[in-house]
């Protein structure tokens, strides 16, 4: 028999306020420990570039190569979604994640470093996608948006705390010590999942007759709002990666010329996002998906001109607006996928995440080239184009009648 702690993620918040708070905390902490490795390394990009003697674009690609693994794993989860036990898959993924994280401490060259980052991405994305599927399948229609917002909030916290930790650990323990500590955090995530997630059965065990995964994929791709959300996911991380990867090199150069530890403190700009992102679910309920999404993108876009000013306060304000806007947009889009899918939400979440993380690696390559060749203003302009395209795609974020009924459990 499962302990009460193990079913904490299945409690209904509307009937148990205290349980809902604990449930949201556990969801957020799980997200934090799942993706804390993803962006923490960005805080030490200049140090890594110096250690491996490479250009900003080269180290930017290597660090963000994790998104290649995340995109591949997202598609794998989408394909095998009906056959994977959610809890076991998350547990194994987080345990395995600690291995490449620890090996980064002794990576002898940039190629090895890049391969290990891809391996990290494979494990992170598998855990990420399976957790989203778990939430979509165990939460009621009413509290799904809140559960997804709590998960994205943990993602936001990992951006802030992870970067601060990485900068501080590298200053005191060096690059190798930094990666060993993060490997320990990965194992802590596995322990949390073991004690909090209730056991689940592979979806294939409850589905008859068994359908081909490609039939679900085809159904998702015929769903115009879902297609739009996949494109939006691509563009959101494209813009986010471009901003928070290459701004590190702006921060350490003249006229700002910040130290490594000071760059870490700059990422307190993520602090407001920790408090605003959980409001995404309520905003969608009150204003609808499209207005909420457009408002989030407008906020992010308003921050871009500030990134070009030779003033630290202005740059930090711009980063704060971009962070709040993109995380709010991500929470909105992620929750929409869970509601708009008419079948097999696990594969829909997997495809969304594959597109999302593929956008990250494309963004690091395209915007990295703009940064190396034409400078920071060109990179910021590319970010603005991505946000504009996402706003256009949001015109399609309207659920069809069947999807609406499915989201309501009818």
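The values are calculated or read from the model by the stated rules, or taken from the named source; none is laboratory data. Please read all numbers here as calculations on a predicted model, not as lab measurements. Positions of Cβ are backbone-derived with ideal geometry, glycine not excepted, and every protein chain shown enters the neighbour counts.
Among the residues of segment 238-262, which ones are touching a residue at least 40 places away in the same chain (Cβ under 8 Å), over 18 Å from residue 377 (Cβ atoms) and in a helix (DSSP H, G or I)?
Residues satisfying the conditions are 240, 260, 261.
Being in a helix (DSSP H, G or I), touching a helix residue (DSSP H, G or I) at 6+ places or on another chain (Cβ under 9 Å) and at pLDDT below 90, is that true of even one residue in segment 308-327?
yes
Among the residues of segment 189-212, count how many are assigned to a helix (DSSP H, G or I) and modelled with pLDDT under 65.
4
Taking residue 397 and the conditions (1) closer than 20 Å to residue 62 by Cα; (2) at pLDDT below 95; (3) in contact with a helix residue (DSSP H, G or I) (Cβ under 7 Å, 6 or more places away or on another chain), which numbered condition does it fall short on, given that it satisfies the others?
Here residue 397 clears every test but (1).
Looking only at segment 49-67, count how many residues are in a helix (DSSP H, G or I) and surrounded by fewer than 21 Cβ atoms within 10 Å (Cβ to Cβ).
Count: 5.
Could you identify the single residue in 158, 125, 133 that is outside any loop (DSSP other than H, G, I, E, B), modelled with pLDDT under 75, under 22 Å from the mean Cα position of the chain (by Cα) and under 24 Å from residue 351 (Cα atoms)?
Result of the check over 158, 125, 133: 133.
In segment 246-269, is there at least one residue being modelled with pLDDT of 80 or more, within 20 Å of residue 330 (Cα to Cα) and buried (at least 16 other Cβ atoms within 10 Å of the Cβ)?
Scanning segment 246-269, I find at least one residue that is modelled with pLDDT of 80 or more, within 20 Å of residue 330 (Cα to Cα) and buried (at least 16 other Cβ atoms within 10 Å of the Cβ), so the answer is yes.
Let me spell it out: the conditions are (1) at pLDDT 85 or above; (2) farther than 21 Å from residue 289 by Cα; (3) crowded, with 24+ Cβ neighbours inside 10 Å; (4) within 13 Å of the chain's Cα centre (by Cα), and residue 303 meets all of them except one. Which number is the exception?
Of everything listed in (1) at pLDDT 85 or above; (2) farther than 21 Å from residue 289 by Cα; (3) crowded, with 24+ Cβ neighbours inside 10 Å; (4) within 13 Å of the chain's Cα centre (by Cα), residue 303 misses just condition (4).
Kindly provide the set of residues from segment 289-300 that are within 16 Å of residue 398 (Cα to Cα) and surrounded by 22 or more Cβ atoms within 10 Å (Cβ to Cβ), ordered by number.
Listed by number, the residues that qualify are 289, 292, 293.
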